[in-house]
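Reading through the C-alpha cells given below for one structure.
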Amino acid sequence: MTPPRSSVAELFDEMAATYDDLEPWYRHLYTVLHAVLQAEIGSPPAAGGRALDAGCGTGFQTRLLADRVWRAHGTDISAGLLAIARERIPGVDLTSATVEALPYRDGVFDVVVCCGSALSFVDAPARALAELGRVLRPGGRLFLEAEHRPSLDLAWALVSGLTRNALGYDIPLRQAWHALAARTSVRVPYPGYGLLNLFTTRDLRDMLKAGGLVTRREWGVHSITNVLPSTLLHRTRLPRPLAAVYRALRRLDTALAPTPPARALANSLVILAERV
C-alpha cells in the first residue's frame, strides 16, 4: 500500500509551477542568503568534496553548489519540485526524502545546506537537525536558514489581529500575542503556507548542540525590512512608491545582517555550524 502524501508535500506540489516566480520578500532573502553561502562555503578544498542540499526545492542552492564544483546532492519531499530540479540541474543526484530521515550513511558529506525555511515545515525539528549532523563528517559545515522568533513581523501579526485582520495575517489575536510574547519556539499559521515553526536562537543552538554541531557564525535577514508587514511583500509586484522604500530597506538590511540587532529582530536566522 502506498503511504499517504504529507500535507507539506501536497502544498509544495501545488505551488511547483510558480515556485520559481519569487515574490519581493523571497528575492531579498535569497540574494542575501546566496551571497553569504558563496562567501562562507565557496568551492571544495579538494576534488570530490560532497555537499547536500536538504529540502532542495527546485534546486536554488543545489545548482549553486554544483556550479562551485561540489559533488552536489539534493533531497525534497515534493515530487513536483524535484521534477523541476531534475530539469534544471541534470546529472545531480536528487532524492525524495524528509529532512528527519535522510537516506545517507553517517559522515558522508563535507557540507550540508538547509534553506528555504525547510526546518519550519518539519514535524520534528530536533530530529531533523540531528540527521543533518549525522550525515556530516567531523569538521563538516552546516549552512542553515530558519524562521526566527521574535521578529518585528510578529508585531504586525498582532496589529492585524487587533484590526480584524486588516493586514491579512489570518492569525487570531490571542495566538498572535502568544507568538510575540513566548520565550520559546512556537508554531503559527501563515497565509498560503499552513503552520510554520518559528525558532528562538537559543532553541536552535540547543538543538544543534544535541546533534553534535557547534554554531560558528550567525546572520539576520529581514530585520529592517520588517518595518513593512511581510504580507505586503508576498505579491508578484510592488507599487512604485512601496518598491522604492523596499529597495532602500533591503540595502540597509543587507549591511546590518551580521550585527547583533539584526540577528535579534530578523525574520530569518542564518547559521553556519560545524560538526564536532
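The values are calculated or read from the model by the stated rules, or taken from the named source; none is laboratory data. All values reported here derive from a predicted model rather than from experimental measurement. Glycine gets a Cβ as well: all are built from the backbone with ideal geometry, and neighbour counts include every protein chain shown. Heavy atoms of the whole protein, side chains included, go into the accessibility calculation; ligands, DNA and RNA do not. Shrake-Rupley method; radii C 1.70, N 1.55, O 1.52, S 1.80 Å.
Which ones in segment 62-93 are touching a Leu at 6+ places or on another chain (Cβ under 8 Å) and among the aliphatic types (A, V, I, L, M)? Once the filter is applied, which keeps residues that are touching a Leu at 6+ places or on another chain (Cβ under 8 Å) and among the aliphatic types (A, V, I, L, M), segment 62-93 yields L64, A72, L82, A85. Checking the stated criteria, T163 turns out to be out of contact with any helix residue (DSSP H, G or I) (no Cβ under 8 Å at 6 or more places or on another chain) and open to solvent by 60 Å² or more (accessible area, probe 1.4 Å). Could you list, in sequence order, the residues of segment 132-150 that are in contact (Cβ under 8 Å) with a residue 60 or more places away in the chain, open to solvent by 10 Å² or more (accessible area, probe 1.4 Å) and not in a strand (DSSP E or B)? Within segment 132-150, R134, P150 qualify.
Once segment 103-118 is narrowed to residues that are open to solvent by less than 10 Å² (accessible area, probe 1.4 Å) and of a type outside the set (G, A, S), the residue that is nearest to R137 (Cα to Cα) is F109. So, in segment 196-230, how many residues would count as being touching a His at 6+ places or on another chain (Cβ under 8 Å) and without any contact (Cβ under 8 Å) to a residue 12 or more places away in the chain? Here the count works out to 0. Pairs linking a residue in segment 169-187 that is more than 16 Å from T200 (Cα to Cα) to a residue that is open to solvent by 80 Å² or more (accessible area, probe 1.4 Å) and assigned to a loop (DSSP other than H, G, I, E, B), with Cβ atoms under 9 Å and 6 or more positions apart or on different chains, do not occur.
So that you can scan it fast, the table gives a plain yes or no per residue for (1) open to solvent by less than 60 Å² (accessible area, probe 1.4 Å); (2) within 14 Å of the chain's Cα centre (by Cα); (3) of a type in the set (S, T, N, Q):
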| site | (1), (2), (3) |
| --- | --- |
| E14 | no, no, no |
| H28 | yes, yes, no |
| Q38 | no, no, yes |
| Q61 | yes, yes, yes |
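Could we say that L195 is touching a Pro at 6+ places or on another chain (Cβ under 8 Å) and either open to solvent by 70 Å² or more (accessible area, probe 1.4 Å) or not charged (D, E, K, R) (or both) here? So L195 passes the test. Inside segment 244-276, residues that are assigned to a helix (DSSP H, G or I), within 18 Å of P24 (Cβ to Cβ) and open to solvent by less than 20 Å² (accessible area, probe 1.4 Å) make up a count of 2.
Each residue in segment 63-75 was checked for being touching a residue at least 24 places away in the same chain (Cβ under 8 Å) and open to solvent by less than 60 Å² (accessible area, probe 1.4 Å), and 6 pass. Determine if segment 156-165 includes at least one residue that is part of a helix (DSSP H, G or I) and among the polar types (S, T, N, Q). There is at least one residue in segment 156-165 that is part of a helix (DSSP H, G or I) and among the polar types (S, T, N, Q).
Of all residues in segment 176-188, at least one satisfies being crowded, with 17+ Cβ neighbours inside 10 Å and more than 27 Å from Y19 (Cβ to Cβ).
Close contacts from segment 238-264, counting a first residue that is free of Cβ contacts under 8 Å to residues at least 40 places away in the same chain and closer than 21 Å to T201 by Cβ and a second that is basic (K, R) and in a helix (DSSP H, G or I), with Cβ to Cβ under 9 Å and a gap of 6+ residues or different chains, come to none at all.
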